[in-house]
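Worksheet: one structure, shown below.
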Amino acid sequence: MKSIFNDKSTVPTNPDLEGGLMETFHIWQEIAAFTIQNYPQAVAGWHFSGEKFGWSYRINDHKRVLVYLLPRDGFFKVALVFGQKALNQIMASEISESIKTELENTKKYAEGKGIRIAVNDRSNLADLQKLIQIKIAN
């Protein structure tokens, strides 16, 4: 499934995003604000990854992406990539077992293991915030 924003010539706006995400728009804003609050030097912005993927919102420091926010129809996904040190912290944490299992079973790449978590409501917000804190710390 790709972004709901696929026109390279049109950068999504907040009204576009709110219309596409509907009830989850405020959760998107909360996650973005939480990330920047925990890493004030972060730079956030839209990025077009090609027709296959469309627009995504990235929050990064100067050398790596901290969090990818991927808009979908009525919800969004949060994508994160973790190195081994961060993975060790996640496995030792109180983050949900389903997230730990998914990370264990994900293929490892040079930059680490990645995960995409669908956000349809606030049920996984606490886990997402812990994951973001771990990402920032590592």
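The values are calculated or read from the model by the stated rules, or taken from the named source; none is laboratory data. Being a predicted model, the structure only gives us computed values, none of them experimental. Every residue, glycine as well, gets a Cβ built from its backbone with ideal geometry; the counts of neighbours run over all protein chains shown. Just so you know, the surface numbers come from the protein's heavy atoms only, side chains and all, with ligands and any DNA or RNA stripped out. Shrake-Rupley method; radii C 1.70, N 1.55, O 1.52, S 1.80 Å.
Computed values, structure above
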read-out	value
Residue list for region 56-99, restricted to those being touching a His at 6+ places or on another chain (Cβ under 7 Å) and open to solvent by 20 Å² or more (accessible area, probe 1.4 Å)	R58
Qualifying residue in region 112-122 (condition: under 15 Å from the mean Cα position of the chain (by Cα), in a loop (DSSP other than H, G, I, E, B) and buried (at least 19 other Cβ atoms within 10 Å of the Cβ))	no
Residue that is farthest from the chain's Cα centre (by Cα), among those in region 123-138 that are surrounded by 13 or more Cβ atoms within 10 Å (Cβ to Cβ) and not hydrophobic (A, V, I, L, M, F, W, C)	N138
In region 100-111, the residues that are among the hydroxyl-bearing types (S, T, Y), open to solvent by 60 Å² or more (accessible area, probe 1.4 Å) and outside any helix (DSSP H, G or I)	Y109
Output for region 100-138, where each listed residue is polar (S, T, N, Q) and without any contact (Cβ under 8 Å) to a residue 40 or more places away in the chain	T101, N105, T106, S123, N124
Selected residue (only one of I4, I27 is modelled with pLDDT of 95 or more and not acidic (D, E))	I27
